[in-house]
Ligand code: CTP
């Protein structure tokens with residue numbers, strides 16, 4: 001099932017650490033090569049000797065390997081892995097991962113890993129629902145990390161509730177599904193645009209917008225999870241990529257995004273344009289900083305090229321084109337107009353009138369409109385859940 005796959009398990013301090021012995025065995029039996037990193041706290045619950053025996057590899061827990069000062073290369077470990085599974089992920093380890101803290105070997109490896117990272121939390125029910133833990137989980141998902149949800153049941157505290165680490169069999173099934181060849185978008189090449197564009201006025205100023213890129217990045221990760229190979233053309237954001245199925249091209253201005261997107265379009269099966277592209281750009285960009293002189297300053301702006309409309313004119317019958325519309329009034333009518341004018345297969349409508357939807361929020365509320373005239377409304381959800389809904393709809397379009 002996992003022949004030849006290289007699985008790195010990161011174990012942090014929780015009673016559920018004892019289950020990693022069974023998990024290691026399951027991975028080895030499934031044909032995977034397994035390496036293990038433990039935090040110090042994890043060693044109170046399961047011994048390195050047990051895990052080294054089961055994994056048939058040395059277990060790592062220190063930066064320095066021996067008295068000669070030889071160090072464990074965490075970058076190499078991160079690059080070695082096809083998948084990194086942090087199980088159990090304690091509240092403390094999750095918090096450190098979400099904030100880039102790197103005070104042990106597991107965390108240093110997490111920061112250097114390029115492969116998909118799966119997180120299987122384990123903690124008491126109140127720790128799990130605490131807003132700080134929930135925010136950390138949302139943050140990790142926004143990095144592209146994949147959450148293996150904890151389950152309900154009796155907890156180490158004696159309380160009953162959600163917080164038990166997923167069973168080893170569930171984790172194995174999750175990882176096997178990730179590597180499965182039966183993914184619905186396997187073999188599809190999909191272009192996604194995301195984030196804002198910046199239009200430079202002078203060397204220090206630009207015209208931009210509040211787009212964070214979260215929706216587009218969540219989409220790119222969900223498409224990659226479903227097997228697609230994704231070309232993500234992104235305006236400036238602080239977001240990072242957590243999948244080796246995503247290739248990122250960073251651009252700044254609307255003109256650069258136009259160039260990169262139009263050039264790549266012929267090579268893709270599907271394009272989803274979620275970027276908030278500037279509609280106007282300064283006629284001139286000053287080479288020097290514009291000095292403060294008169295009481296007023298007028299800027300002359302010129303329309304940018306509409307990328308989505310251009311792709312609509314180039315689209316072949318084999319390609320699918322999906323746009324986004326951000327509206328503040330007459331939402332459905334305006335989105336419908338864009339769907340037709342830009343020759344789209346579907347459009348995702350965000351209304352800024354919906355609370356919790358749009359720029360900067362971690363949640364979004366969308367309506368999808370289709371070329372066929374069908375309209376479908378979705379509830380307010382996290383951007384990761386919205387991405388799942390959109391990708392599910394795209395899969396239906398692909399197989400229609
Ligand atoms: N878009 C684009 N190129 C532009 C402007 C917009 O590709 N120069 C795309 C966006 O990525 C989005 C869609 O067009 O998928 C709609 O963007 P939106 O800002 O809602 O609409 P506009 O067409 O710009 O019209 P308006 O701003 O007047 O609503």
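Considered as a group, the residues in the stretch 64-94 that are exposed (fewer than 13 other Cβ atoms within 10 Å of the Cβ) and assigned to a loop (DSSP other than H, G, I, E, B) include one that is modelled with the lowest pLDDT, and that residue is 66. Inspect the stretch 331-348 for any residue being within 9 Å of the ligand (Cβ to nearest atom), within 26 Å of the chain's Cα centre (by Cα) and assigned to a loop (DSSP other than H, G, I, E, B) and give the result as yes or no. The answer is yes, given that some residue of the stretch 331-348 is within 9 Å of the ligand (Cβ to nearest atom), within 26 Å of the chain's Cα centre (by Cα) and assigned to a loop (DSSP other than H, G, I, E, B).
Being touching a strand residue (DSSP E or B) at 6+ places or on another chain (Cβ under 8 Å) and part of a strand (DSSP E or B) is the filter here, so list the residues in the stretch 176-218 that pass it. If the condition is that a residue be touching a strand residue (DSSP E or B) at 6+ places or on another chain (Cβ under 8 Å) and part of a strand (DSSP E or B), then 189, 190, 191, 192, 193, 194, 196, 199, 200, 201, 206, 207 are the ones that fit. Could you check, for the stretch 225-232, whether at least one of its residues is in a helix (DSSP H, G or I), closer than 30 Å to residue 84 by Cα and either in contact (Cβ under 8 Å) with a residue 24 or more places away in the chain or away from the ligand (no atom under 13 Å from the Cβ) (or both)? So far as the stretch 225-232 goes, yes, one or more of its residues are in a helix (DSSP H, G or I), closer than 30 Å to residue 84 by Cα and either in contact (Cβ under 8 Å) with a residue 24 or more places away in the chain or away from the ligand (no atom under 13 Å from the Cβ) (or both). Considering the stretch 309-328, the residues that are within 10 Å of the ligand (Cβ to nearest atom) and over 22 Å from residue 396 (Cα atoms) include one that is surrounded by the most Cβ atoms within 10 Å (Cβ to Cβ), namely 326. Here residue 229 does not fit the description of being more than 23 Å from residue 359 (Cα to Cα) and at pLDDT below 90. The set of residues in the stretch 132-174 that are more than 30 Å from residue 239 (Cα to Cα) and in a helix (DSSP H, G or I) comprises 168, 169.
Return only the number of the condition from (1) within 15 Å of the ligand (Cβ to nearest atom); (2) part of a loop (DSSP other than H, G, I, E, B); (3) buried (at least 22 other Cβ atoms within 10 Å of the Cβ) that residue 237 does not satisfy. The number of the failed condition is (3). Regarding the stretch 351-370, can at least one residue be identified that is within 14 Å of the ligand (Cβ to nearest atom) and closer than 30 Å to residue 202 by Cα? Looking through the stretch 351-370, at least one residue is within 14 Å of the ligand (Cβ to nearest atom) and closer than 30 Å to residue 202 by Cα.
Out of the residues in the stretch 111-131 that are within 18 Å of the chain's Cα centre (by Cα) and part of a helix (DSSP H, G or I), which is farthest from residue 98 (Cα to Cα)? That would be 112. Looking across the stretch 288-308, just one residue is under 16 Å from residue 347 (Cα atoms) and either in contact with a helix residue (DSSP H, G or I) (Cβ under 7 Å, 6 or more places away or on another chain) or exposed (fewer than 10 other Cβ atoms within 10 Å of the Cβ) (or both), and that is 307.
Does residue 290 count as near the ligand (Cβ under 9 Å from one of its atoms) and touching a strand residue (DSSP E or B) at 6+ places or on another chain (Cβ under 7 Å)? The answer is no for residue 290.
Assess whether residue 355 counts as being over 22 Å from residue 239 (Cβ atoms) and either modelled with pLDDT of 80 or more or exposed (fewer than 13 other Cβ atoms within 10 Å of the Cβ) (or both). Here the answer is yes, as residue 355 does meet what is asked.
Go through the stretch 172-209 and count every residue that is under 19 Å from the mean Cα position of the chain (by Cα) and within 13 Å of the ligand (Cβ to nearest atom). Total meeting the criteria: 6. Taking the criterion of being crowded, with 18+ Cβ neighbours inside 10 Å and within 17 Å of residue 175 (Cβ to Cβ), the residues of the stretch 25-63 that qualify are 26, 27, 32, 33, 34, 35, 36, 37, 54, 55. Of all residues in the stretch 369-389, those that are touching a helix residue (DSSP H, G or I) at 6+ places or on another chain (Cβ under 6 Å) and within 25 Å of residue 188 (Cα to Cα) total 5. Applying the criterion of being modelled with pLDDT of 95 or more and in contact with a strand residue (DSSP E or B) (Cβ under 8 Å, 6 or more places away or on another chain) to the residues of the stretch 379-396, the residue that is farthest from residue 336 (Cα to Cα) is 389. Consider the stretch 95-107. How many of its residues are surrounded by fewer than 24 Cβ atoms within 10 Å (Cβ to Cβ) and either touching a strand residue (DSSP E or B) at 6+ places or on another chain (Cβ under 9 Å) or closer than 26 Å to residue 159 by Cβ (or both)? Count: 6. Residue count for the stretch 248-285, restricted to those that are away from the ligand (no atom under 16 Å from the Cβ) and either within 26 Å of residue 339 (Cα to Cα) or surrounded by 14 or more Cβ atoms within 10 Å (Cβ to Cβ) (or both): 5.
The values are calculated or read from the model by the stated rules, or taken from the named source; none is laboratory data. Given the structure is predicted, the values throughout are model-derived calculations rather than measurements. Positions of Cβ are generated from backbone atoms using ideal geometry, with glycine treated the same way; all protein chains shown enter the neighbour counts.
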